[in-house]
Amino acid sequence: MLIVEKLQNAYGTSRVLFDISFEVQTGEVVTLLGRNGMGKTTTVKSIFGLLPPRGGRVIVAGRDMTGAAPHHIAAAGLGLVPEGRQIFPNLTVEENLVATSRGVRTGRWSLDRVYGLFPRLQERRNNMGNQLSGGEQQMLAIGRALMTNPRLVVLDEATEGLAPLIREEIWACLARLEAEGEAILVIDKNVDALARLADRHVVIEKGEVKWTGRTVELLAKPEIRERYLQV
Amino acid sequence: MSVAATLSMSRGRLASRTGAAWMIFALLAVTPAVVTLAGDPYLTLTFSRILIFAIAAISLDLVMGYGGLVTLGHAANIGFGAYAVAVLSRHGITDLGLQMLGAIVLAGGFAAVTGAIALRTRAVYFIMITLAFGQMAYFFFVSLSAYGGDDGVALSGRSTIFGSALLESDVVFYYVALALLGLVYLFSLRLVSSRFGRVLTGTREDRLRMQAIGFRPFGYQLLGFAIASCIAAIAGVLLANQTEFVSPAYMSWHRSGELLVMVVLGGMGTLLGGVAGAIVVLLLEEGLSTFSSHWLLGLGVVLLAVVLFSPSGLAGLAQRLVGRGEREGRP
Amino acid sequence: AAEEVKVGLIFTLSGPAAALGEQGRNGFQLAVDELGGLGGLDVALTVVDDEQKPDIAAGRARELVEREGVDFVVGPIFSNILQAIFRPVTEGGAFLVSPNAGTSNYAGSECHPDFFVTSYQNDQVHEVMGAYAEREGYKSVILMAPNYQAGRDALAGFKNSYRGTVMNELFTPMGHFDFSAELAQVAALRPEAVFAFMPGGMGVNLVRQYEQAGLKEIPFLSAFTVDESTLDAQKSSAKGMLAGANWAPDMDNDASRQFVRAYEERFGAIPGTYAMQAYDAALLIDSAIRSVGGDLSDRDGLREALRKADFESLRGSFSFGENHYPIQDFYLTGVVQREDGRFHTSIVERIFDDYQDRYVGECSMQ
Amino acid sequence: MSALLSIHGLRKSFGALQVTDGIDLDIEMGEVHAIIGPNGAGKTTFVSQLSGQLMPDAGKVIFDGRDITRLDMAGRARLGISRSFQITRVLEGFSVLENVALAVQARSGSSLRFFADAACERELNAVALECLVRVGLDHRAQERASHLSHGEHRQLEFAIALASQPRLLLLDEPFAGSGREEADILLSLMRRLKGQQTILLIEHDMQAVFSLADRVSVLVYGALIATGRPDEIRADPQVRSAYLGAEETGGAVGC
Amino acid sequence: MTSLFFLQLLNGIQLGVLLFLVAAGLTLIFGIMDFINIAHGALYMVGAYLAATLVAVTGNFWIGLMLAMPAALLFGLVLEVTLFSRLYHRSHLDQVLATFGLVMIVNESVRLIWGASPLSVPMPDALSGSVPLFGMIQYPVYRIAIILVGFAIAIGLATLINRTRAGMLLRAGASNSAMVSALGFNIKRLFTVVFALGAMLAGFAGAIVAPVLSVHPGMGESMLILAFVVIVIGGIGSIRGAFLAALLVGVVDTLGRSFGPVLLQWVLTPSAASTTGRMLAPMLVYLLMALVLTVRPTGLFGRKA
Ligand SMILES: Nc1ncnc2c1ncn2[C@@H]1O[C@H](COP(=O)(O)OP(=O)(O)OP(=O)(O)O)[C@@H](O)[C@H]1O
Ligand SMILES: Nc1ncnc2c1ncn2[C@@H]1O[C@H](COP(=O)(O)OP(=O)(O)OP(=O)(O)O)[C@@H](O)[C@H]1O
Ligand SMILES: [Mg+2]
Ligand SMILES: [Mg+2]
């Protein structure tokens, strides 16, 4: 579904990504692990063409999308839950969901299903985006991405500021999606929960892939487990 | 791109900036000699006009580039300065110092009152409300028949310094203007890096954050607004002397717009940018207008070009020429 | 080559109000070319744009005098510019000839030996209309003008020679474009006549909206509101509207006819008074240089010759008063359509003979 | 123990929505008091009323025996109430150090100094750097704030709150967005603060809450449904169902 | 007197609608897309000149108008693609500077092409003449037509922005265009289209008022400021606000100028009243704006900052 090869990138003069390579198969969950400022979000930006790669390739569903415009890449089936929510403040909750939605009739996600996942949003449907609480904004960002009915969802810190209960639900929901054959790329600070459902993990350090492997291998490696999983 | 971009980097840039400053001021200092040698002493007058607008531009950069308060009423202060000269000299007070004092009182007072109201608003609303106040001042002087209404008044001569008519000499006048420009520049330079300056720029960046750490933005902004207005008024005093004529035309919103263009063109939040902007715009005006009555077309093209090809104005351009080019990654 | 005379023209040549400045420049240029110089001398002509900004104008005027060292400065169009350039030019030792702006202060107390006006004192044209309204026996009028110095002077001028009742004075902002409010008042008060001073685009708006409001039956008297600079836009809506002037393109003398023909050929437009007065300014200077035999150093001689105004003015009889403002006839003009479809103002009748301004008394020059 | 901050019958509503529904609470001197509750329960709004960003519709806020209900944000900050924002707010155009130094400046001496170069004021920078060290961001001190990553932003946010030497620290989800290691740094930092520094902590990271808090209050739909020691709260079934959740509840809801 | 009052009220509304016509395009580009376009007045002027020429050429008002629209649209498209599309991400001030330059270029080009003296567009016969209103007073038919057109455009715009998906995307794009494209929408193209639309609206305004107003260089400037005033009073981003503000400005200005002096005479001597009246008249609009912003810092319907 998604193949990233030797990705390189920089902000202005300061290089951030040196060599990032990994892939996500349809129907599997992959996590990007790494400490603050190691380049996870930058990787995501590069994949989506928000920060055109300075090197390497990004292949989505078999098509080389390196350097393509963001809307082309997204249209190829990628859905983004960006870091820091970035919901549209001047649109109502419902407009946030509807404005960029795609294939709601045919696809598996519709307004009702999103409201089903986040009843809270339905209560606040007519509020402006910037009137939402932090967590509500987070829910909205997730719902907004799902409303584009992507084949690969990228969640960058998607559960930040969510109550444990909601987190549980989201993980459960992701599990469901995976089962339905959706591919998922997750960046999250408390990975212990998703360690259970994730298939493979990619550890990024200083803009390079330090380690990748399956969950079992990860749990078998104490130093990495120590570092990235809460025990 | 954020206004602050230039600012935060200033530390690293300071060296290159002071260098540029020395260069510009050195050039300005020798200008009269040069033009006289070039057999064109008249140009001294043209350049003194440039100095005057440079002062005004710096003051605008203070509120706009550092205070984040974009105003379209700044020219009003130039008008206040000019009318201070006209009114006072009609009542026999021709001393430059006193006239400047008057100008400062007038402009400062106006700024304090209007600013207090305008600061309730933000961003574009602030632009427009300052425009409104500027226009009111403008129309007030237009209907002030005692001083010729919009016909303006001719002065009987330039101001005196301690009773002597030194300023009548264009060269002396030029150097007085230059000295004032230097003072204003240094003053502003200190101001923006001072504690006060930091609070001002901090407020521009994020008001709520500033309040959260215990600052009340209003006072600082109002003070900054008033200071800048007073400086602009000084420029007005000089303008009146340079043209020996005073008219409301000095304070119409077009003039404010031109000042704004100078600052943005030169590069906001750099102080020196204002100076550069004034020099470039006015020289272009002088130069182009001799070629054709459609010179505005040329000026327009230049403005466009600068915006498109040099994002942070002439300052940015200079940066890149010096090789210190630093571009902002926008999210 | 013979010695040459340096002349500087200063007009508003850029921005919205450029139309009038262009007329002035063209008129002067035409004269110089026809005369093949001025007073037998070649002419070094420097044209500068005052941008309608007093400070710019003052600078450029000094530039002309101090840098180019011109002997004569001709201009400007607008009164406030005149105020700004007066001292720089006169103190710079050049003669200032104004082909349009003629403010009261320089006609009276501040009159100056080196300052000459080939147009009129600003109030006069309005006094013409006042006198006409008086003579026609209009009992009530409504006056309209933009709220700036010239506008206020205009209404004052009108009232100088009108004794009837002024029902209302409507002052509009500069650049006013929608007159429905003012016209509604006219419609409501039903004066016997309306007098308006609305130069440039404002005039076009007013005249057309006046017709559209169906007020045409109320006589419309004006100054600088329907003239050759605006008629192309006003067209038939201005037909029959009356104005005061010191000249019109159909002036009945050969010089004038020839001038209009030449101007139209070269610039493709019917000249207005702005062009005519600039043309006369050239003739004036020409005559003066001639009389001193081209010796520009003889400034007193030049001044004397200028005072004599010994030239064929396009408007016929022309002489200077002690304040160097013209003594001339003033006419009532009306808008007519030429057979080729173009509109222009046409002389209806003479209102004043050898008319002089009211300020000359305050002038100390004798 | 005496109450540093006591809140009486605090009410706030946005239109029809009652966001703060009659809260009474005492924050004891020197305690770490955590507030947990579902998203949208009104935690941030509550804190905003304590920090003065929002004015309550009704009720009283007493700080150190003084009624500050009508006092504005800056005023309260000067009294020593300092907050961190849930949705990060730092001066993006400033360097990391400048951000903190400005907070120090606010609490030390007049800011109506027009000539001395603030960047050269040793004590300002020293204190500021000290704060950065404490949150483990000193290595980025000279970096432009807008160049920081998300987690680094969160750390800076915390540093600024510390820099204004508050007597009451209002922390809105300080752990959000910081990874394991950064979390540990903050955790140990707050352990060290514990006792001397009064802290009101809003957090969804239960590990942090239960290991730090002396007392925990649970806010649901604008009202406090429970206040007590961590273990009591953890045990409270009402709280479990309303907020904490447990494996068996996982994914019960429609998706 | 009362009939005069109502007439002036109508005139005020008429002026207001006229202002809204000009401001409509600006609300779209500035209010919704958050792009400060100083050149809006220039576009308005170009529209008027295009109409003037095309009407003169075709000799028929309607055909001329019909041709002027696509012409203005094209002009807008060209500008967007060549210039404005590179400025969306720039600061407001960069936009001001660039469009300020554009204004100079357009103004001078217009003078080069059409000359400096005013032109005009003949009134279409169908709408010329006037109808009796309030007893003996006549009211021009064309003015009534303008009012109707204005209302139509107001409603059209409001629905486009608030009811349609395009409107949502537009607002979303204005606040965070990167995010919109990351969600799979070509915001660039949408902006291009909408900008061209805005330009066309400006041009349309110019064309529609040409029969009442003179067509001359700089006709845009006075209008530009008024348009900004209107939008700011109404509250940036709100069509309804812009419309009501336009009416408010129109009415206050008209009534103020026609009855202000009369009212002043209650408190002042006639001469003093007339002088103050004269001084205040041109300030009215600005006084109004200052007043509104003092009471409501984000305009009548503006979102709280
Ligand atoms: N806009 C920017 N300009 C310059 N540098 C940036 C920018 N954004 C991020 N960086 C730098 O790039 C590096 C990687 O940032 P990135 O956001 O990818 O980290 P991250 O892994 O997502 O961290 P976190 O877990 O805190 O979100 C960091 O060192 C950061 O300082
Ligand atoms: N300005 C506002 N106008 C209308 N409703 C608002 C406004 N601000 C907040 N709300 C609503 O008030 C409720 C409480 O918001 P608050 O931010 O306090 O929640 P919270 O407890 O902090 O949630 P979270 O844990 O997700 O941050 C939310 O439902 C939010 O939608
Ligand atoms: Mg990140
Ligand atoms: Mg919250």
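The values are calculated or read from the model by the stated rules, or taken from the named source; none is laboratory data. Predicted, not measured: the structure shown is a model, and the values here were computed from it. Please note: Cβ atoms are built from the backbone with ideal geometry, for glycine as well, and neighbour counts cover all protein chains shown.
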Can you name every residue in the stretch E:107-145 that is touching a Leu at 6+ places or on another chain (Cβ under 6 Å) and in a helix (DSSP H, G or I)? E:Glu108, E:Val141, E:Tyr142, E:Ala145
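Looking at the stretch A:38-75, which of its residues are closer than 16 Å to A:Val209 by Cβ and within 16 Å of ligand 3 (Cβ to nearest atom)? If you could, list the steps in order and put the result at the bottom.
We begin by selecting, within the stretch A:38-75, every residue closer than 16 Å to A:Val209 by Cβ; these are A:38-44, A:46-47, A:53, A:55-58.
Within the stretch A:38-75, A:Met38, A:Gly39, A:Lys40, A:Thr41, A:Thr42, A:Thr43, A:Val44, A:Ser46, A:Ile47 qualify.
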Which listed residue is within 16 Å of ligand 4 (Cβ to nearest atom), of a type outside the set (Phe, Trp, Tyr) and closer than 19 Å to E:Leu183 by Cα, from A:Gly84, A:Gly49: A:Gly84
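Considering the stretch B:290-325 alone, what residues qualify as being within 12 Å of chain E (Cβ to nearest Cβ), in a helix (DSSP H, G or I) and not aliphatic (A, V, I, L, M)?
Quick first cut of the stretch B:290-325, residues within 12 Å of chain E (Cβ to nearest Cβ) only: B:292-314, B:316.
Remaining after also requiring in a helix (DSSP H, G or I): B:295-309, B:313-314, B:316.
Scanning the stretch B:290-325 gives B:Trp295, B:Gly298, B:Gly300, B:Phe309, B:Gly313, B:Gly316.
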Options B:Leu96, B:Leu62: the member that is within 14 Å of chain D (Cβ to nearest Cβ) and modelled with pLDDT of 95 or more: B:Leu62
Kindly state which strands (runs of 3 or more DSSP E) lie completely within the stretch D:145-255 and contain at least 3 residues that are within 16 Å of ligand 4 (Cβ to nearest atom). D:168-172, D:198-202, D:215-220
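Do you know which of the residues in the stretch A:110-134 that are polar (S, T, N, Q) and assigned to a helix (DSSP H, G or I) is farthest from the other protein chains (Cβ to nearest Cβ)?
First pass over the stretch A:110-134, keeping only residues polar (S, T, N, Q): A:110, A:122, A:126-127, A:130-131, A:133.
If we keep only those that are assigned to a helix (DSSP H, G or I) as well, we get A:122, A:130-131.
Values: A:Gln122: 12, A:Asn130: 9, A:Gln131: 7 Å.
Across the stretch A:110-134, the extreme among qualifying residues is A:Gln122.
Would you confirm, using the coordinates I've provided, whether C:Gly157 is surrounded by 21 or more Cβ atoms within 10 Å (Cβ to Cβ), at pLDDT below 90 and out of contact with any Cys (no Cβ under 6 Å at 6 or more places or on another chain)? I'd like the intermediate steps shown before the answer.
Numbers: surrounded by 21 or more Cβ atoms within 10 Å (Cβ to Cβ): yes; at pLDDT below 90: no; out of contact with any Cys (no Cβ under 6 Å at 6 or more places or on another chain): yes.
Criteria not met by C:Gly157.
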Quick check, is A:Arg35 surrounded by 18 or more Cβ atoms within 10 Å (Cβ to Cβ) and within 16 Å of ligand 2 (Cβ to nearest atom)? no
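Out of the residues in the stretch D:46-62 that are crowded, with 21+ Cβ neighbours inside 10 Å and closer than 19 Å to D:Ser217 by Cα, state the one that is nearest to ligand 1 (Cβ to nearest atom).
D:Val47
Of the residues C:Ala150, C:Ala187, C:Ala145, only one is in a helix (DSSP H, G or I) and within 24 Å of C:Lys235 (Cα to Cα); which? Spell out how you get there, then give the answer.
Details: C:Ala150 fails: within 24 Å of C:Lys235 (Cα to Cα); C:Ala145 fails: in a helix (DSSP H, G or I).
The conditions single out C:Ala187.
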Sort through B:Arg122, B:Arg90 and tell me the only one that's within 24 Å of E:Val229 (Cβ to Cβ), charged (D, E, K, R) and over 18 Å from the mean Cα position of the chain (by Cα). B:Arg122
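Where in the stretch A:1-88 are there strands (runs of 3 or more DSSP E), lying wholly inside it, with at least 1 residues that are away from ligand 1 (no atom under 16 Å from the Cβ), within 23 Å of D:Glu143 (Cβ to Cβ) and in contact with a strand residue (DSSP E or B) (Cβ under 6 Å, 6 or more places away or on another chain)? So that I can check it myself, show each step before the final result.
Values: elements: A:2-11, A:14-24, A:29-33, A:55-60, A:78-81.
Hits in the stretch A:1-88: none.
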Kindly provide the set of residues from the stretch D:106-153 that are over 26 Å from D:Ile81 (Cβ atoms) and away from ligand 1 (no atom under 16 Å from the Cβ), ordered by number. D:Phe114, D:Phe115, D:Ala116, D:Asp117, D:Ala119, D:Cys120, D:Arg122
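Looking only at helices (runs of 4 or more DSSP H) that lie completely in the stretch E:161-239, which have at least 3 residues being within 14 Å of chain C (Cβ to nearest Cβ)?
The qualifying helices (runs of 4 or more DSSP H) are E:187-209, E:219-234.
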Of all residues in the stretch D:148-183 being modelled with pLDDT under 85 and of a type in the set (Asp, Glu), which is farthest from ligand 3 (Cβ to nearest atom)? D:Glu181
Just a yes or no: is a residue in the stretch D:95-104 within 16 Å of ligand 1 (Cβ to nearest atom) and of a type in the set (S, T, N, Q)? yes
All but one of (1) surrounded by 24 or more Cβ atoms within 10 Å (Cβ to Cβ); (2) of a type outside the set (Phe, Trp, Tyr); (3) free of Cβ contacts under 8 Å to residues at least 24 places away in the same chain hold for B:Asp40; which doesn't? (1)
Output the residues belonging to the stretch A:135-150 that are in a helix (DSSP H, G or I), away from ligand 2 (no atom under 13 Å from the Cβ) and away from chain D (no Cβ under 12 Å). A:Arg144, A:Ala145
Could you please find all residues in the stretch A:187-229 being within 16 Å of ligand 1 (Cβ to nearest atom), away from every other protein chain (no Cβ under 12 Å) and in a helix (DSSP H, G or I)? A:Leu194
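Considering only strands (runs of 3 or more DSSP E) fully contained in the stretch D:1-88, which possess at least 3 residues that are away from ligand 4 (no atom under 16 Å from the Cβ)? It would help to see each step written out before you state the result.
Working: elements: D:3-14, D:17-28, D:32-36, D:58-63, D:81-84.
Output list reads D:3-14, D:17-28, D:58-63.
Scan the stretch E:273-302 for residues that are among the hydroxyl-bearing types (Ser, Thr, Tyr), in a helix (DSSP H, G or I) and more than 9 Å from chain C (Cβ to nearest Cβ) and jot them down. Break it down into steps so the answer makes sense when it comes.
Residues of the stretch E:273-302 among the hydroxyl-bearing types (Ser, Thr, Tyr): E:274-276, E:286, E:294, E:298.
If we keep only those that are in a helix (DSSP H, G or I) too, we end up with E:274-276, E:286, E:294.
Of everything in the stretch E:273-302, those that are among the hydroxyl-bearing types (Ser, Thr, Tyr), in a helix (DSSP H, G or I) and more than 9 Å from chain C (Cβ to nearest Cβ) turn out to be E:Thr275, E:Thr276, E:Tyr286, E:Thr294.
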Residue in the stretch C:27-34 that is surrounded by fewer than 21 Cβ atoms within 10 Å (Cβ to Cβ), more than 9 Å from every other protein chain (Cβ to nearest Cβ), part of a strand (DSSP E or B) and free of Cβ contacts under 8 Å to residues at least 40 places away in the same chain present: no
Neighbours by Cβ (under 6 Å, 6+ apart or cross-chain): first from the stretch B:95-117, closer than 15 Å to B:Leu238 by Cβ; second polar (S, T, N, Q) and surrounded by 21 or more Cβ atoms within 10 Å (Cβ to Cβ): B:Leu96/B:Ser159; B:Gln99/B:Ser159; B:Ala107/B:Asn77; B:Ala107/B:Ser229
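With respect to A:Leu2, determine if the residue is of a type in the set (A, V, I, L, M), in contact with a helix residue (DSSP H, G or I) (Cβ under 6 Å, 6 or more places away or on another chain) and more than 16 Å from ligand 4 (Cβ to nearest atom). Before you say what the answer is, go through the steps one by one.
Working: of a type in the set (A, V, I, L, M): yes; in contact with a helix residue (DSSP H, G or I) (Cβ under 6 Å, 6 or more places away or on another chain): no; more than 16 Å from ligand 4 (Cβ to nearest atom): yes.
Here the answer is no, as A:Leu2 does not meet what is asked.
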Considering only residues that are away from ligand 3 (no atom under 12 Å from the Cβ) and under 11 Å from the mean Cα position of the chain (by Cα), which ones fall in the stretch A:27-37? A:Val29, A:Val30, A:Thr31
Given the structure, is A:Glu169 among the charged types (D, E, K, R), within 16 Å of ligand 1 (Cβ to nearest atom) and either crowded, with 22+ Cβ neighbours inside 10 Å or free of Cβ contacts under 8 Å to residues at least 40 places away in the same chain (or both)? no
Specify the residue that is farthest from E:Val106 (Cα to Cα); the eligible residues are those in the stretch C:1-21 that are of a type in the set (Val, Ile, Thr) and in a strand (DSSP E or B). C:Val5
Anything in the stretch A:128-163 that is away from ligand 4 (no atom under 15 Å from the Cβ) and within 14 Å of A:Asp188 (Cα to Cα)? List them, or say none. A:Ile142, A:Val153, A:Val154, A:Leu155, A:Asp156, A:Glu157, A:Ala158
